[in-house]
Amino acid sequence: AERILYSQNKHTALKPFLLPKLDFHTDSTKQFRDHSIFSKSINNWQLDINPIINSMYGLVVDQNQHIEQYGAGFQLRLTDQNHWTLETNIAYQRTSLYDTNTDYQRNIPHYWQAVNQQADYSDYWLGKAYVSYSPVEELNVQLGYDKHFIGNGYRSLLLSDHTAPYPFVRATANVWNIQYAWFTALLNDYDTQLPTLPVRQKYLVAHHLSWNVTNWLNLSFYEAVLMSETDSLGNSGFSVHYLNPVVFYRPVEFANGSADNVLMGLHGKLRVGKRIHLYSQLILDEFVLSEIKAQNGWWGNKQGIQLGMKVFDGFWLKNSTLILEYNHVRPFTYSHNTPLQNYGAYYQPLAHPLGANFQEALVVFKYYYQNWDVRFRSVAALYGTDNSSISYGQDIYKSYTFRDGDYGHTLTQGVLNKLVSSELQIGYLLHTKMQLYAECTIGSRNIWIETQKQTQNYIQIGIKTRIYNESLYK
């Protein structure tokens, strides 16, 4: 889908994509794997039901530790050919602890809390669902439980799909060369200021404007505000003023005298020739031009930059995609005076999985041939962590008031961590409608914390339904 949208100069930053309606007429020449396990047409409605299967087994070679992932569920999709679509995915999963890092309140990256955690495995629910309505071709409204991603790269500094799914309402309008999306979401998070770590609710309201200036240039704007369920006085933290889809949030924040967390972002892409797309993102959590010019390491210079290149069919290799990308985010970006109002949810960052105070370079290569696909990813990152109660700006769940002074803050300050992670995945498509693949994954993850090194070399094989973009490397 991505390759087609790029070639047609469509809006490609907001994901999941709103794909064109499909032709549901049965083709008797299709193979079994191209049909749903259960399919029924009633008037203009089409119902498809398919199972979700996950059975993966592997080994961490260095530690002789087993990796097990297995689960089952179902996918239901109901749609007419004009306006309505309903889709739900529900599965119960069991996984070994190696690839979940469930070391904080039974929390599982990409998902939420484990419903059953034992010494060597965790059980959890995997789910997403939405109802979509398009009264006209140019307008779509969705109500659902899912994740979002904004950007053209492998990572996003604005909003990524690293965290758990959440309830949301989203409206998307396409007029001329402009796409405008507004959405609000209800999030859960831990209140890390209290020793009992209670789960609290918080709210995300955001809008995204994408403008295809020409057939080779796109410019986009993103703005988001995070609000906790109550303020410091116990009053409701949600402001209805942010629900206005045509206002800028920063002036509203000042007018209300609130301490909400507002972030702004700019991003775009530039097509060079037919196959090369250059893209970039700039995230602004706080911006004071005089402090930036002074170059004195003011703690409030909270910004991040992404630079990347995406090449389709490069080196005369058809059906291939190459991504080269660099990201860096300054200390204390996404954090807040009150940790519950940071730019995170479910004790996971809403943007880059490393949080802040890092720089990262990565290469991703994907190749498809008939029913085979090959995916390779290599990541190198530097990030600075804390070694005391002082915050060096990487942990967005620690209040920025714990910083060491106002000036002299540099990128990757604190305890220096070096990460090199590589992974090769080979898959074979077993069933198109189910998105069921036979997979083999080989990977290596190395972390140097000052002079100490941690190494994990692993291999995993099995079959799985691909629902979310997930990896053993967070």
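Read the figures in this text as sums done on the coordinates, not as results from a lab. These numbers were taken from a predicted model, which means no experiment stands behind them. Note that we place each Cβ from the backbone using ideal geometry, even for glycine, and neighbour counts take in every protein chain shown.
For W216 and L139, the FRET efficiency from 1/(1 + (r/R0)^6), where r spans their Cβ atoms and R0 equals 22 Å, is about 0.25.
Within the range 157-226, the proportion of Cα pairs with more than 16 Å between them is 61 percent.
On the beta carbon distance between V131 and T455, with R0 = 30 Å, the FRET formula returns roughly 0.05. With 32 Å as the limit, the listed pairs K293/K398; K10/K464; K147/K269; K202/K433; K128/K310 have K202/K433 beyond it between alpha carbons.
What's the whole-number percent of alpha carbon pairs in the range 386-448 lying beyond 16 angstrom? Considering the range 386-448, 66 percent of its Cα-Cα pairs are separated by more than 16 Å. Pairs of Cα atoms nearer than 8 Å and 6+ residues apart set the relative contact order; for the range 261-340 it is 25 percent. A full extension of the chain between Y428 and A294 corresponds to an added length of 42.8 nm, given 0.36 nm per residue minus the alpha carbon distance. Would you mind pulling out the separation of the Cα centroids of the range 113-172 and the range 392-426, in Å? If we compute the Cα centre of each part, the gap is 26 Å. Its residues counted as N, the range 276-355 yields a C-alpha radius of gyration over 2.2 N^0.38 Å of 1.45.
Here, the chain is characterised by an Rg to Rh ratio of 0.95, where Rg is the alpha-carbon radius of gyration and Rh the Kirkwood radius. Per the Debye formula on identical point scatterers at the alpha carbon atoms of the range 296-442, with no solvent, log10 I(q)/I(0) at q = 0.14, 0.17, 0.22 Å⁻¹ is -0.77, -0.94, -1.26.
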